[in-house]
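First comes the structure, then the notes that go with it.
Read-outs throughout are calculated quantities, based only on the coordinates presented, and are distinct from any laboratory measurement. Just so you know, these numbers come straight off a predicted model, no measurement behind them. So basically every Cβ, Gly included, is an ideal-geometry build from the backbone, and we count neighbours across all protein chains shown.
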Amino acid sequence: MLRVPVISPDGKPLMPTKASRARRWLNRGLAVIYQNDLNVFAVQLVNQPSGEQTQDIAVGIDPGKMFSGIAVQSGKATLWTGHLVLPYKRVRERMDTRRMMRSRSVGFAERTRRSRRINRKVPYSQRSHRQKRFSNRVDKKVPPSIRANRQLEQRVVKELSLLYPLKAIVYEVVKARGNKGFSPVMVGQYWSISQLEKIAPVTQKQGWETALKREALGLVKDKADKSRQTINTHAVDGIALAATHFFRRENYYHNKGKLSVPKNCDVTDATFSVIKRAPISRRQLHLLQFYKGGKRRKYGGTTTSYGFRKGDYVEAVKAEKIYRGWVSGETARQVSVSDINWKRIGQFTARKVRLLRRSTGLIVNH
C-alpha cells in the first residue's frame, strides 16, 4: 500500500498516511496538495494536528559512478525509491573540452584559445602560462565530475527531508582492495558523508553488508545492465541499506532456555522515480573558437524569449496532438520540447506551448 507524505501547517514533515485517507482529507477540505521538487504526491494539513509524534524513518544511499540508488524506509513500509542518473560523463566531457581549448590541440599544428594570449617571442619564464589547477589542490577539493555526482545525491536527500521526518541516513562506502581496480566512487565519499550529516546522522556500511541484507529481505538485484531504469538495478540496494537501521532480534523464552529470532522491517511497494539533472550549458559570451567578424551566436543559458526557461515542464500542441516534455531550447519563432532522455520531441509554436511546472533543476519521471 502506497504511503503519502504529510506536512503540518508549519511545514514540518509528519508520518506518512494511506492514500485513501489523504484523498478523504482533500475532499473534505482538511488538506491541500503540497508541491515539491521531487514531484511526489504529498498533502499539507490545513489545521494543526492533534499530535506530532513520529517514528524512525531512514534513507539508504548506494552511490555509484554513473547511477545511484536511494530509498526511504520505515519499520512498516517502503515509502519511496529512486534511481539517479548521475552527470559524471557529461561533466567529464565538458572538462576535457575546456582543458583541450586551454592547451594545444593534440595532433594538429593549430593552437587553441590559450595560445592567443601567449607571447612566444619572450623567454618561457616570462610567458603567461596558466598555473596547474588540477594537480595543485591545496584545499583538497573534490574533482568537478565527482562533486556533481555527490551534490545530486545530497540535493535529493535534502528534498526528501522536507517530506519525511528522517532520523538516519545509511551510506555505503567503498573500501580499496589490493587486487581490484580503483573506483571513482571512492573519491569524495567522506566529504559527501560530512555534508549529509548536516541533514541527519549517517551510518556507514560496506558492500558485503548490503548484499547480505538484500538477500535476507528476499530482494533480487539486476546485474546484467546497470543502466536499466528499474527498481531492481540500484534502488534495491538503497532499500537494503535503509533496512539495516531497523534490524533487531526478538527473544522468546521457554522452559529449556531462550530463542533469539532476527526481525527485519517490512518491504512494500513504493513510488519509483528516475531523477536526473537537465543537461543545460552555462551561458557563454565567448564561444570555444573565435568567429570571423566578431558576431557571436547565443550559446547556453536557461532563459528564452517567450517567458519559458530551459527545464520547464510544458504541454505543447501540434496538429491537434498534445505532447508533454521539458523545454530544451528555442528558435526565432518556436520552442524545442524534449523527453525524459533529453531527445527532442519537436519544435512548437510558442503560443501553443503551455507551462505546467517551473524548472527546479531536476527532471523527475515516475
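Based on the reciprocal of the average 1/r between different C-alpha atoms, the Kirkwood radius for the range 324-366 equals 10.9 Å. A full extension of the chain between K65 and S281 corresponds to an added length of 75.6 nm, given 0.36 nm per residue minus the alpha carbon distance.
Taking amide H as placed 1.01 Å from N in the peptide plane, E172 has its amide H under 5 Å from the amide H of I61, K205, each at least 5 places away in sequence or on another chain. Computed over all pairs of different Cα atoms, the Kirkwood value for the hydrodynamic radius of the range 8-107 is 17.4 Å. List the lysines whose Cα lies under 23 Å from the Cα of K213, skipping any in the same chain that are fewer than 8 positions away. Excluding near neighbours in sequence, the set is K65, K76, K167, K175, K205, K221, K223, K226, K263. Count Lys and Arg as plus one, Asp and Glu as minus one, and take only other residues whose Cβ is under 14 Å from that of R333; the net charge is then +2. Lysine pairs in the range 269-366 whose alpha-carbon atoms fall under 30 angstrom of each other, counting only those eight or more residues apart or on distinct chains, come to 22. Here the convex hull built on the C-alpha positions of the chain has a volume of 233 cubic angstrom per residue.
With θ taken as phi - 60° and the Karplus curve 6.51 cos²θ - 1.76 cosθ + 1.60 applied, the whole-hertz 3J(HN,Hα) list for the range 354-366 is 10, 6, 9, 7, 5, 5, 10, x, 10, 10, 10, 10, 9 Hz, x standing for glycine and proline. With a simple spin-label model that places each label point 7 Å from the Cα along the Cα-to-Cβ direction, the separation between D10 and R357 comes to 2.8 nm. Rounded is the label for the range 1-54, because the ratio a/c of its alpha-carbon gyration tensor axes (a ≥ b ≥ c) stays below 1.5. Scaling against 2.2 N^0.38 Å puts the C-alpha radius of gyration of the range 137-257 at 1.28. Gain on full extension, evaluated as 0.36 nm per residue between Q154 and N119 minus their Cα-Cα distance, stands at 8.1 nm.
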